[in-house]
Amino acid sequence: MRAALVGVDFGKGDFEASLEELSLLSKSAGAVPAVTVIGKRASPDAAFFVGSGKADEIAGAIADHQVDIVIFNHALSPAQQRNLERHLNVRVVDRTSLILDIFAQRAKSHEGKVQVELAQLQHLATRLIRGWTHLERQKGGIGLRGPGETQLETDRRLLGERVKGLRIKLDKLHRQRATQRRARGRSHAFSVSLVGYTNAGKSTLFNTLTKAQAYAADQLFATLDTTSRRVYLADAGNVVISDTVGFIRELPHQLVASFRATLEETIHADLLLHVVDAASPARMEQIEQVNMVLKEIGADHIPQILIWNKIDAAGLDPALERDEYARIRRVFISARTGDGMGLLREAVAEFAKMNNTKSLDGMGPVELHNLHAEPTT
C-alpha cells in the first residue's frame, strides 16, 4: 500500500525527527511511503487541518505517485478526516489511528488483544464514519434494530455493548495480575521494570539481562505484552525484571487507559530502568515524553536510572555515572554487544541490596531534572 505522509510544522519540538518517526510508523503498519507533503502553520485549519491550498497539493501528490492512503502526523478531528476523504477520494488516517493499527497487528496475548480492541473502539466511537458493519455481522445483522432506532443509534448501542464486555474482561485480567504481584511480593523479590521510548532497545536489553528469548526487532512497538523473568544477582539475590511496551510522543490516551493493567507492572516496580537510544538526536525529547507517560500512569515517584543504550552507535564508552550524593544517575551500555552490562548488573544489585535491607535512606525518586543533562563521557 503506497502512502502519502503529511506533516505540519507548528514550531514545536523536533519537526524532522517527528517526520522520520512517522515514516517508521507507516512502514511498521505495512505501508510504503511514496511522497511526503509538509507545510507550516500557526494553528490547524478547522476544515482540512492543512488548509484548502495544501489539501489541493496533497491531491496532486496522490495523482502523481499513485497513492492509496494519506497518513497525517497529527490527530485529526472526525470532521477534518471526513472532509479530507471527500476532497482527496482516498482513505485518510491520522497518527492515533496509525498507532492503534500497529498495536492491533502486534498484539499476541489474549490480554494485549483485548486492550487494543478496547482502545480502537473507544477511538472509533468518536467518529462513526465507517467500519461498523463488522459489529452487525458479529451480532447477526437483520432484525437487530429496535423500534424507531436509526442505523447510527444501532451502531452506538452495539459498540457500547462490546466496549462493556471488553472492560469486564480487562477487569478480570487486572485481578489476575494483582494476585500474581502479591505472590511475588511475598517472595520478597526486588522488582525492576524496563521503560523507554519505542525502539530504544528494551527487549534486546531484557534478553541480554535474563537470557530470555523475548521478541526483539529494529522496529517500533516490537513488544506489546509485558514479560517477566527472575534473575539471580550476586550480593542481591533474586530480582524480577519486566519488559514493557514502549512509549512514543503523542501516545493515544485510549491506549494509555486500555494498557493500564499491563503498565501496572511499571507502577508497582521498585526500580525503573529508563532505556534511552544514545544515538538518537531526539533522545532528550524522548526522555521527556517517557516521563510524561510515567506521570500519567502514576509511576513518576519510582526511582529510575537512565540507561544510555546503543553506545556502539553513539561512539561512547561503557561507564557508570553518579550524582553529588553518590547515587547512580546513568549507566552507558550496548545491549547488542554486551559492553557495560557488568556495570548495569552492579547498579541493579546495589539498588536491590539497599531495598532488601530496608535502607533506601529516603532515596525516593531520582531527581528527573538531574537526569536530563547530556553525557559528560
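Using 1/(1 + (r/R0)^6) with R0 = 30 angstrom and r between the beta carbons of Ser109 and Lys211, what's the FRET efficiency to the nearest 0.05? Before the final figure, lay out the partial values.
Numbers: r = 21 Å, r/R0 = 0.71.
For Ser109 and Lys211, the calculated efficiency is 0.90.
Rounded to the nearest 5, what % of the DSSP beta bridges within segment 269-343 are antiparallel ones? Don't skip to the answer; put the middle values down first.
On the way: 4 of 13 bridges.
The antiparallel proportion sits near 30 percent.
Long-range amide H contacts for Ala319: which residues qualify at under 5 Å (H placed 1.01 Å from N, peptide plane, sequence gap of 5 or more or a different chain)?
For Ala319, whose amide H was placed from the backbone, the distant partners under 5 Å are Phe332.
Return the loop-located trypsin sites (Lys or Arg not before Pro) in segment 7-82 (DSSP other than H, G, I, E, B) with at most 14 other Cβ atoms within 10 Å of their own Cβ; answer none if there are none.
Numbers: sites: Lys12, Lys27, Lys40, Arg41, Lys54, Arg82; in loops: Lys12, Arg41.
Here the trypsin sites (Lys or Arg not before Pro) that fit, given the DSSP loop and packing criteria, are Lys12, Arg41.
Say each of Asp317 and Asp339 gets a label point 7 Å from the Cα, pointing the same way as Cα to Cβ; how far apart are those two points in nm?
Placing both labels 7 Å along Cα→Cβ, they lie 1.1 nm apart.
Evaluate E = 1/(1 + (r/R0)^6) for Asp171 and Lys12, where r is the Cβ-Cβ distance and R0 equals 35 Å; express this FRET efficiency to the nearest 0.05.
Values: r = 38 Å, r/R0 = 1.07.
It comes out at approximately 0.40.
For segment 1-133, list log₁₀ I(q)/I(0) at each q in 0.10, 0.14, 0.19 Å⁻¹, using the Debye formula over Cα point scatterers of equal strength and ignoring solvent, two decimals each.
Once normalised to I(0) and log-transformed, intensities are -0.32, -0.64, -1.14.
Residue separation times 0.36 nm, minus the C-alpha to C-alpha distance between Ala42 and Arg2: what's the value?
Values: separation 40, 0.36 × 40 = 14.40 nm, distance 2.93 nm.
Length difference between fully extended and current span is 11.5 nm.
Using just the Cα positions, wrap segment 56-104 in a convex hull and report its mean projected area in square nanometres, one decimal place. List each step's numbers first, then the result.
Numbers: hull surface 14.1 nm².
Averaging across all directions leaves 3.5 nm² for the Cα convex hull.
Which pairs in the list Lys27/Lys54; Lys113/Lys172; Lys172/Lys295; Lys113/Lys295; Lys108/Lys172 are over 20 Å apart, alpha-carbon to alpha-carbon? Intermediate results must be reported in sequence, preceding the final value.
Values: Lys27/Lys54 24 Å; Lys113/Lys172 14 Å; Lys172/Lys295 25 Å; Lys113/Lys295 25 Å; Lys108/Lys172 18 Å.
From the list (Lys27/Lys54; Lys113/Lys172; Lys172/Lys295; Lys113/Lys295; Lys108/Lys172), the Cα-Cα distance tops 20 Å for Lys27/Lys54; Lys172/Lys295; Lys113/Lys295.
Suppose the chain between Met292 and Asn89 were pulled fully straight at 0.36 nm per residue; how much longer would it get relative to their current alpha carbon spacing? Intermediate results must be reported in sequence, preceding the final value.
Details: separation 203, 0.36 × 203 = 73.08 nm, distance 3.72 nm.
Residue separation times 0.36 nm, minus the Cα-Cα distance, leaves 69.4 nm.
Could you work out what % of the accessible surface of segment 51-101 is carbon and sulfur, using a 1.4 angstrom probe and leaving DNA, RNA and ligands out of the count? Provide the component values of the computation, followed by the final result.
Values: 890 of 2060 Å².
The computed percentage sits at 43.
Report the per residue volume, in Å³, of the convex hull enclosing the C-alpha atoms of segment 306-353. Could the numbers behind the result be given before it?
On the way: hull volume 3.1 nm³, N = 48.
It is 64 Å³ per residue.
Stretch Arg157-Ser77 to full length: gain in nm at 0.36 nm per residue minus the Cα-Cα span?
That works out to 26.6 nm of additional length.
Give me the Å³ per residue figure for the convex hull around the C-alpha atoms of segment 28-72.
Numbers: hull volume 4.1 nm³, N = 45.
Cα convex hull per residue, to the nearest whole number: 90 Å³.
The values are calculated or read from the model by the stated rules, or taken from the named source; none is laboratory data. Given the structure is predicted, the values throughout are model-derived calculations rather than measurements. Using ideal geometry, Cβ is built from the backbone for each residue, glycine included, and neighbour counts are taken over all protein chains shown. In case anyone asks, the SASA skips ligands and DNA or RNA and just uses the protein heavy atoms, side chains included. Shrake-Rupley method; radii C 1.70, N 1.55, O 1.52, S 1.80 Å.
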